[in-house]
Each structure stands twice: as C-alpha cells, then as structure tokens.
Amino acid sequence: MAAPAERIRPTEVDRVRLERIFNDHHVTVWRALCRRGLTPDAAEDATQETFLLAAERLDDIQPESERAFLIGTALRVAHTLGRKVIRWQLDEDMDQRLSGSRDAGDRGADRQLCDLVLAKVDPDLVEVFVLYEIEGLTSPEIAQLLEIPLGSVASRLRRAREQFRAAAARVENSLRKEGEP
C-alpha cells in the first residue's frame with residue numbers, strides 16, 4: 001500500500017497571495033458559475049472547488065492573470081458537474097410573471113431580468129458575451145479560456161450582442177404592454 005502523498009505546506013507569501021486572489025475574485029467566480037446555470041448553492045460549491053484547485057496550482061498562475069485562470073477553472077468545474085450547457089427552461093409568459101414582481105430600484109430584480117434576457121441568447125454565444133461584457137475579460141483572454149480562435153470570439157460576441165438586443169427589446173415590449181391599461 002502506497003503512503004499518502006505529503007502536502008507541501010504553503011509559504012506565508014503563498015497564503016497571502018491566495019487570500020488576495022480570493023478576496024479579489026470570489027464574487028466574480030460565483031457570478032460566472034451562476035451565469036452558466038448553476039443554482040446559487042451549487043455555484044458556492046463550485047467556487048470552493050475552483051479555489052481549492054487554484055491553491056494546488058498557485059505556482060502555475062501568472063500574476064495579473066488570476067481572474068482568467070479562475071474563470072477558466074470555474075467553467076471546467078461546471079462542465080465536470082455536467083451543468084455546462086444547462087439553461088433555464090422558460091415559459092412563454094415568464095416575462096409577464098417576472099415583471100409583475102419587478103421593482104425598478106431592486107438590484108436583484110435587475111439581475112433576474114438580465115438573466116431572463118441572457119437565457120434567450122444562444123448558450124454558445126452567451127458565454128462569450130458574459131465573459132466580455134459582464135466579467136470584463138479581453139478577447140484574447142476569452143480565446144485562450146475557451147480554446148477558440150480570436151476571430152471566433154469577435155464573431156460570437158457580435159452575434160450575441162444582436163441576440164441580446166433583440167431579446168431585450170422583446171422583454172421591454174412585453175413590460176410596456178403589461179403597463180398599458
């Protein structure tokens with residue numbers, strides 16, 4: 001029977017760096033996982049798994065590339081969970097049911113409305129859209145994360161923006177109609 005591998009104790013510098021990375025990026029990682037269709041609880045678990053993997057590979061993470069590494073790792077964790085392409089199944093009247101509870105000043109409702117619009121965008125396109133427009137990654141970072149050509153990032157982003165605008169217009173029209181007497 002083989003002896004269990006001994007864990008290398010992290011140095012104080014590693015601990016401080018990992019703590020800084022966590023504080024700077026844990027919300028971004030959780031949000032990216034939720035955008036992939038994970039429930040908040042599942043996203044919390046996947047976020048923890050992402051940071052455990054980051055701790056194991058801390059020496060491999062280039063300074064200033066932590067966020068890209070973490071989001072890429074989080075997407076792979078979500079894929080491993082078998083949830084990579086899971087999207088909400090929405091009813092045709094979801095817009096009306098959602099808007100009835102929407103308060104303009106409520107950030108939660110705003111996020112819910114954004115998620116509703118994003119759910120109407122092709123999943124292959126929404127991934128690039130969210131990474132670029134919401135998470136603020138650059139096109140080269142996205143190309144590297146998703147292992148696709150840079151031109152594909154630009155193409156998917158353009159198409160995602162078109163679909164997002166069209167879906168947002170449909171939701172806006174639906175909300176406007178609901179407000180009319």
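For V121, work out the one condition from (1) within 19 Å of G37 (Cα to Cα); (2) in a helix (DSSP H, G or I); (3) open to solvent by less than 70 Å² (accessible area, probe 1.4 Å) it doesn't fulfil.
Unmet for V121, out of (1) within 19 Å of G37 (Cα to Cα); (2) in a helix (DSSP H, G or I); (3) open to solvent by less than 70 Å² (accessible area, probe 1.4 Å): (2).
What's the number of the only condition in (1) open to solvent by 50 Å² or more (accessible area, probe 1.4 Å); (2) outside any helix (DSSP H, G or I); (3) not polar (S, T, N, Q) that L38 fails to meet?
Result: L38 passes all but (1).
Only one of E178, E133, E162 is farther than 18 Å from W30 by Cα and modelled with pLDDT of 85 or more; which?
E162 is the lone residue from the list that is farther than 18 Å from W30 by Cα and modelled with pLDDT of 85 or more.
Just wondering, is there one or more residues in region 109-130 that are modelled with pLDDT of 65 or more, under 16 Å from the mean Cα position of the chain (by Cα) and among the aromatic types (F, W, Y)?
Looking for residues that are modelled with pLDDT of 65 or more, under 16 Å from the mean Cα position of the chain (by Cα) and among the aromatic types (F, W, Y), one finds at least one in region 109-130, hence yes.
Would you confirm, using the coordinates I've provided, whether D95 is part of a helix (DSSP H, G or I), touching a Phe, Trp or Tyr at 6+ places or on another chain (Cβ under 9 Å), open to solvent by less than 90 Å² (accessible area, probe 1.4 Å) and modelled with pLDDT under 85?
For D95, the condition - part of a helix (DSSP H, G or I), touching a Phe, Trp or Tyr at 6+ places or on another chain (Cβ under 9 Å), open to solvent by less than 90 Å² (accessible area, probe 1.4 Å) and modelled with pLDDT under 85 - is not met.
Hey, can you tell me all the residues within region 134-177 that are in contact (Cβ under 8 Å) with a residue 24 or more places away in the chain and open to solvent by 80 Å² or more (accessible area, probe 1.4 Å)?
Q144, R159, R170 - these are the residues of region 134-177 that are in contact (Cβ under 8 Å) with a residue 24 or more places away in the chain and open to solvent by 80 Å² or more (accessible area, probe 1.4 Å).
Which of (1) charged (D, E, K, R); (2) more than 15 Å from the chain's Cα centre (by Cα); (3) farther than 21 Å from R76 by Cβ does R156 not meet, given it meets every other one?
Going through the list (1) charged (D, E, K, R); (2) more than 15 Å from the chain's Cα centre (by Cα); (3) farther than 21 Å from R76 by Cβ, R156 breaks only (3).
Is it the case that E64 is free of Cβ contacts under 8 Å to residues at least 40 places away in the same chain, at positive phi and among the acidic types (D, E)?
It is true that E64 is free of Cβ contacts under 8 Å to residues at least 40 places away in the same chain, at positive phi and among the acidic types (D, E).
The values are calculated or read from the model by the stated rules, or taken from the named source; none is laboratory data. Not measured: the values here are computed from a predicted model. With ideal geometry, Cβ positions are generated from the backbone for all residues, glycine too; neighbour counts draw on all protein chains shown. Protein only, heavy atoms only, side chains kept; ligands, DNA and RNA dropped before computing areas. Shrake-Rupley method; radii C 1.70, N 1.55, O 1.52, S 1.80 Å.
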